[in-house]
Structure formats: C-alpha cells, structure tokens
Amino acid sequence: MNPQYQHLSANERDQIAVMRSQGHSLRAIALQLGRSPATLSRELTRNAPPVHRGYYLPHKAQARASARRSAAVRKPRLKEPAIRHYVRRQLKRGWSPELIAGRIKHLGWTQTVSPEAIYQFVYTEARALIPFLARAHRRRLRRGYSRKYAESRILGRVPLSERPLEANKRETFGHWEADTLIGRLAHSALAIAVERKARYSRLKKLSRKKAPEMRRMLTRSLSHYPKRTRKSITYDNGLENAQHQQVNRVLGTKSFFCAPYTSQDKGTVEHMAGLVRRIFPKRTNFDMVTTSQIQAVERWLNNRPMKCLKFLTPAEVFRQGVALRG
C-alpha cells in the first residue's frame, strides 16, 4: 500500500529552487527529495509565475499552493436552495442581510442563517448582488476605523465621559464638535465644526486631511468669537486631530475624544455632516469645490430652521449666545 500523499513543504520548494539554479535535472531533484519526477513537473507548471514561466520562486510558489488548498476546502455558504433564492430576492428588494436573517428566523424556517453568512455568500459566490447592499463596497471592509495601529497615536486624549454635564445637556454655549468629510477622488477634505447648543456650523476646505490643516481651520474659524463661546471641542480619533493641544493653547478650549470606533457619540456634528452630504456626496472631488460654494452651504446650514431649536435657525440662536454677557 502506498503511503498517503503529502503536499510539498516550504523546505522542499526551497531545495527545488536551489537545485534548479545549480542545473540539476528534475529526476535528480526528485531522487534527492524522495519524490516523483511527475510531482515536480506539476509543481513547476502550476506554481510558476504566470508571466515568466522559466522562473521558480519558492516563497511565491508556497503562497499559491496554500491559497489553492484554502479555496478547495472552503465550504459554500447558504447550501439550502430555498434560502439562497430568498436571500437573492430580498437583497434585490433593498433588504439588508440583518433584516433577511431576522425574517427567516421569524418565519420559523428549519434552517436559519446569520447576517455574516449572507455577507460571505454575496462576496464569495454572488458578487452580482454587491450593488444591492447598503454600502456596495467592491471589497469587504472591516467595521470601524483602521486597526493598523493598536493604540491611538494622539497624545493627551481625554475621554468623552469626562466632558462637563453642562456640555452633555447643551445648557451653555461654547462646546463644539469637529469632524472631516473626505472625497474619494481627491486628497483635499472638508472640515466642519458645530456648536452643540446652537447647532451653528463652520466649514472650511483642507488641502490635505492632516493635523496642521485641521489645527489652522479650528483656530482661524473660532478665534474671533468671544472666549465664553470657546469652551471645549469634541473629536474622534482620526490623526488629523493630533494637534488638539495646540488648538487648546490658542483658543483656551479643552479637548474630549470619543472612544475608538464610536464617532457616533458626537452626534451633533455627524448630523450636520449628513446634511452637508446632500450637497457634496461621498464621491465629491473637493479639489474642484470652490470657497464660495462651501460658504453657500455653510449659510444654508446656519439659516435653516430646526425643530430642536423651536424652529429658530442656528444663526439666530448662536447670535443670542454671543450677545449674552458673562
């Protein structure tokens, strides 16, 4: 009985590369490794570079072989034909994977699925359905911000939990939230700062989404307001906010930061940014947006009545706050 076949190891692939470079024949290499010449012939055919067939790079060959084995043992998602049909139909109706999975469970089907299984099905077996997802990213993205750095590189961060109660309850003027909007077709970005009580907004284009540009935007936009309207600024953990301490020294403010991956905690600026996106969608090239266009959007935001302000405009409420004494 023949022993069970074993795939070539990384060490064996290294030996193949070395002996080939020394001019040894396939039979000599096979004898040295205790392998069949046919095995080595298949290896050189299947795992050679796709362009330069005469070359054999062992580390690349190992990676190709590992990827092929991984794909071969990958189990298909949503094996049940009825579920696959239901998922396809509901995605085309605009349902999210979470809604579909929850509805299947609610209907009492024998076999249920998770939202993650539906996402995997779409991205591995039914990519034509990607446009029906809410985000429709061509590549599957991880939730939240980049995990490239395990810890924040912003020094002097103070958590949002320490922000004064008066700021949380919007009892006084002067507590701001800051954010940036980027376009997919440009290096430039749009910075926005919003005063929490009045919902008053300041907008300015940044040539780059970098800390010095964000610092200059905040200090120049807010410095001409009375000191009582410059108490704190709440940020997310983007590196464009790394110079917040310099901002504090100029404006006399204090900085507070959302917990990682919870930028929704600064909901005031997130809401106003959503309104800005009506004018400048995500694919906007901010390099092509003029200062006058940005100022027009800023005026639109600040002169738009809001129900939470009892149908006053942010500009009217903010002017009242600036006019207050003490």
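Read-outs: derived from the displayed coordinates by stated rules, not from any lab. Note that the coordinates shown come from a computational prediction; the quantities given were computed from them, not determined experimentally. Positions of Cβ are backbone-derived with ideal geometry, glycine not excepted, and every protein chain shown enters the neighbour counts.
In a Gaussian network model over the chain where Cα atoms closer than 10 Å are linked, find which of Tyr55, Tyr225, Tyr261 has the largest mean-square fluctuation. Maximum among the listed residues: Tyr55.
For Lys310, the lysines whose Cα falls under 22 Å of its own Cα, not counting residues fewer than eight places away in the same chain, are Lys169, Lys197, Lys266.
Each label was represented as a point 7 Å from its Cα along the Cα-to-Cβ direction; for Arg138 and Val18 these points are 4.3 nm apart.
Shown here: the chain, whose C-alpha atoms stretch 95, 55, 39 Å along the first, second and third principal axes, sorted largest to smallest. Could you name the aspartates and glutamates in cross-link range of Lys307, using Cα to Cα under 15 Å and dropping any fewer than eight places away on the same chain? Straight-line reach from Lys307, under 15 Å: Glu316.
Using a cutoff of 8 angstrom between alpha carbon atoms and counting only pairs six or more residues apart, the relative contact order for the chain works out to 13 percent. Leaving out same-chain residues fewer than 8 places away, which lysines sit with a Cα under 19 Å from that of Lys79? Here the lysines satisfying the reach criterion relative to Lys79 are Lys105. Spin-label model, Gln246 to Glu171: label points 7 Å out along the Cα-to-beta-carbon direction sit 3.5 nm apart. Springs join every pair of Cα atoms under 10 Å in this Gaussian network model of the chain, and among Thr229, Thr262, Thr39 the largest mean-square fluctuation is at Thr39. Using R0 = 30 Å, the C-beta based FRET efficiency linking Leu275 and Tyr119 works out to 0.50.
Note on Glu316 and Thr112: with the Förster distance fixed at 51 Å, the Cβ-Cβ geometry gives a FRET efficiency of about 0.45.
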